[in-house]
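I have placed the structure first, in the form of structure tokens, so that the comments after it can refer back to it.
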Amino acid sequence: MTVVKLQGVSRYFPVGNTPITALDKVDLTLEKGEFVVLRGASGSGKSTLLNLIGAMDDPNEGEVFIHGMALSSLSDKQKSQLRSHYIGFIFQSFNLIPVLTALENVQYPLSLQRVANKEGKYRAAQALEQVGLADFIHRRPNQLSGGQMQRVAIARALVTKPDIILADEPTANLDSETSKQIMDLLGSLNRNTGVTFLFATHHDFVLSRASRILELKDGHIVKDEPVQHLNLVNQIALGEEVG
Amino acid sequence: MLRLKLALLNVLRNGRRSFITLLAIQFGVISLILMGGFFTSMYEGMRENVIRSQLGHIQIYQAGFNQFGSQQPEDYLIDAETLHKVTKLVESLEQVELVTPRLNFTGLLTDGNRSLAVVVEGINPDKESLLSSAVKLTAGEDLFEEDTDGALIGDGLFKSLNLSIGASLTLMATTADGSFDARDVTAIGAISTGTREVDNRFMRMNLQHAQALMYTEGVTRLVVLLNDTKQTDEVMALLSQAFKKQGLALELRSWSDLADYYHEVVNLFDGIFFVVQIIVLAIVLLGIVNTMVMAVMERTQEIGTIRAIGGTRSEVMGLFISEAFILGLIGSLLGVIFAILLAQGITAAGIMMPTPPGSSQTYPIRIFTEADLLWQNGLFGLLIAVVSSIYPAVKASRMVITKALRFA
């Protein structure tokens, strides 16, 4: 089932009098349950693509569809509701609300959906348990490690049961060990929940978990290959044992 | 629930800034309550002074007196029979504290060297001493019924004639039948009504002596004093109905109808109060706007996150307005509490105010904290806080999500 579809999407940003092309006539389809890694150098358009799919930005040309709904036809309020119900976000710097506990941070998207307080707490606690933070639910972000904060952010993205989770460099602020743990967690969540993941990253170890790898260069998708094809190459590239 | 908790936690997040904002709201509420309370006490003092020194609560006249009486006052006197009947009727009402007759006329007072035009009031001294409790004796002794030729002289007049207690004077006036007569009077005391213009040309004497001078048994008016000023309209209606029923050709005036100066002062001070309200509003408003704009700036990335995870523009607006509401509520409640305490302290201190323009008496600062004043100004503080947050809240809600997320 197609979750996301981009048709001829272009996005320009004015720098002085000259428009800089961030994305140029991009066509893309993401299917349910895919674990897609988006690679590319800084400025290649990864974040722009995620923002457009996340209904946080509008293309200059082309159309973005989520579940067949054209985003250009939606009002700002409808886009907010779409983000609330269909899309989860994981940010590079976690973006937790500092005054709320881990439980409350995870419950917050549910309260935006007007889910009753009791049910919201229950579902948030479940989501935190899923990411291995059952014992940390009453801690504030400043009482958690970077890896724990990112797990809270993952629980927050998952708690609304979205169809797609967009993650912009989710391991960039974590050490390599914690990054691997986070990636393992996301991989297992992808397998267990069937939610589609789209990652922007430049960490190569992420590639081994991907079911599909997209590569962006100068606003174009220059590579779009399934992982079966790439697995061997990746393992070699990562220096892992080929078995 | 969680959204409200978030608003509360955000208020507590930057304690010092919230404290300063609370001080601004409290400053506004306290200033308005103290000023309003002072004005209310002043209005009441002035009103009761004018009622208890000159006007009473209600005055009863012969029909037509207020329209034509100034030209021919002798034609609009209440005769003795009507006076007796009306006095009995008025005294039968439970709201009435007392009713007393007055005979007013103008005359010429002379000490043999100088003559001055005066406004004379013939009174019943016993009753008038209760009614005119705000009239202060500044020299000599009070007037009693047995002081047949005694007179109380307005203290401005007393001074301008350079009188001493016991001085013999002659009062000349046109009688009710149009002739001219004179009586000797003795200055037994000097009085102050609280209004300088009145004190400069006013005197009081026994009603019988005044009636003898005027060749009449009638009176100009009956002055009614009630137990409570709030009963004025009710008693006016009752009397009006009773006079109609008994066929008495009389007309009524309330203290409010007669107290033009009081209304002018009230209007003037209400205008001043309005200007002060605007100034306080501007100060508090700017204070809160500043706090909220800083909060918006500091929490830009957080606003972006809330919007990214599904918060609508109105959700973001609601968050900031809720924070302002909480600040306004706490600030207003504390403002009301501190205002009550300050009002009680200032009133208890008994600080004297200088003599106001047109008045001849000083008075202590009293600050009334009536329920209406408290809740209206408390609500005012709360509304200012909420209104002040609208601009920053709109600004926050209109942020571009992607830019807000990149904000560091």
- Task: Could you tell me which residue of the range B:287-313 is farthest from the other protein chains (Cβ to nearest Cβ), considering only residues that are hydrophobic (A, V, I, L, M, F, W, C) and without any contact (Cβ under 8 Å) to a residue 24 or more places away in the chain?
- Result: B:297
- Message: Out of the residues in the range B:304-337 meeting the condition of being assigned to a helix (DSSP H, G or I) and β-branched (Val, Ile, Thr), tell me which one is farthest from residue A:83 (Cα to Cα).
- Response: B:337
- Is the range B:290-303 home to any residue that is within 21 Å of the chain's Cα centre (by Cα) and either assigned to a helix (DSSP H, G or I) or more than 30 Å from residue B:94 (Cα to Cα) (or both)? no
- Which of (1) touching a Ser or Thr at 6+ places or on another chain (Cβ under 7 Å); (2) surrounded by fewer than 16 Cβ atoms within 10 Å (Cβ to Cβ); (3) part of a helix (DSSP H, G or I) is the odd one out, the single condition residue B:394 does not satisfy? (1)
- Message: Let me spell it out: the conditions are (1) farther than 28 Å from residue A:37 by Cβ; (2) crowded, with 24+ Cβ neighbours inside 10 Å; (3) more than 9 Å from every other protein chain (Cβ to nearest Cβ); (4) hydrophobic (A, V, I, L, M, F, W, C), and residue A:155 meets all of them except one. Which number is the exception?
- Response: (1)
- Scanning for something outside any helix (DSSP H, G or I), more than 16 Å from the chain's Cα centre (by Cα) and facing another protein chain (nearest Cβ under 8 Å), does the range A:102-121 turn up at least one residue? yes
- Message: Going through B:100, B:106 one at a time, which residue ends up being in contact (Cβ under 8 Å) with a residue 60 or more places away in the chain and either surrounded by fewer than 16 Cβ atoms within 10 Å (Cβ to Cβ) or not assigned by the TED database to the domain that holds residue B:214 (or both)?
- Response: B:106
- Counting residues that are aliphatic (A, V, I, L, M), touching a residue at least 60 places away in the same chain (Cβ under 8 Å) and under 22 Å from residue A:85 (Cβ atoms), which strands (runs of 3 or more DSSP E) fully inside the range A:133-217 reach at least 1? A:164-168, A:196-200
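Residues are listed down the side, and each one gets a yes or a no for (1) within 14 Å of chain A (Cβ to nearest Cβ); (2) closer than 30 Å to residue B:348 by Cβ; (3) in contact with a Cys (Cβ under 7 Å, 6 or more places away or on another chain):
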{"residue": "B:13", "(1), (2), (3)": "yes, no, no"}
{"residue": "B:22", "(1), (2), (3)": "no, yes, no"}
{"residue": "B:49", "(1), (2), (3)": "no, yes, no"}
{"residue": "B:63", "(1), (2), (3)": "no, no, no"}
{"residue": "B:66", "(1), (2), (3)": "no, no, no"}
- Item | Leading residue by the ranking (surrounded by the fewest Cβ atoms within 10 Å (Cβ to Cβ)) among those in the range A:13-53 that are in contact with a strand residue (DSSP E or B) (Cβ under 7 Å, 6 or more places away or on another chain) and in a loop (DSSP other than H, G, I, E, B) | A:32
- Note on the structure: In the set B:169, B:157, B:161, B:207, the lone residue that is over 33 Å from the mean Cα position of the chain (by Cα), at pLDDT 90 or above and of a type outside the set (Gly, Ala, Ser) is B:169
- Pair list, Cβ < 7 Å and 6+ apart or interchain, from the range A:63-84 residues that are facing chain B (nearest Cβ under 10 Å) to residues that are exposed (fewer than 15 other Cβ atoms within 10 Å of the Cβ) and not hydrophobic (A, V, I, L, M, F, W, C): A:84/A:113
- Select, from B:204, B:183, the only residue that is without any contact (Cβ under 8 Å) to a residue 40 or more places away in the chain, in contact with a helix residue (DSSP H, G or I) (Cβ under 8 Å, 6 or more places away or on another chain), in a strand (DSSP E or B) and assigned by the TED database to the domain that holds residue B:135. B:183
- Message: Of everything in the range B:189-215, what is surrounded by fewer than 22 Cβ atoms within 10 Å (Cβ to Cβ), farther than 23 Å from residue B:51 by Cβ and aliphatic (A, V, I, L, M)? Give them in sequence order.
- Response: B:212
- Kindly list the number of the only condition in (1) outside any loop (DSSP other than H, G, I, E, B); (2) within 30 Å of residue A:13 (Cα to Cα); (3) touching a Pro at 6+ places or on another chain (Cβ under 8 Å) that fails for residue A:96. (1)
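The values are calculated or read from the model by the stated rules, or taken from the named source; none is laboratory data. Not measured: the values here are computed from a predicted model. Neighbour counts are summed over all protein chains in view; Cβ atoms, including those assigned to glycine, are modelled from backbone coordinates with ideal geometry.
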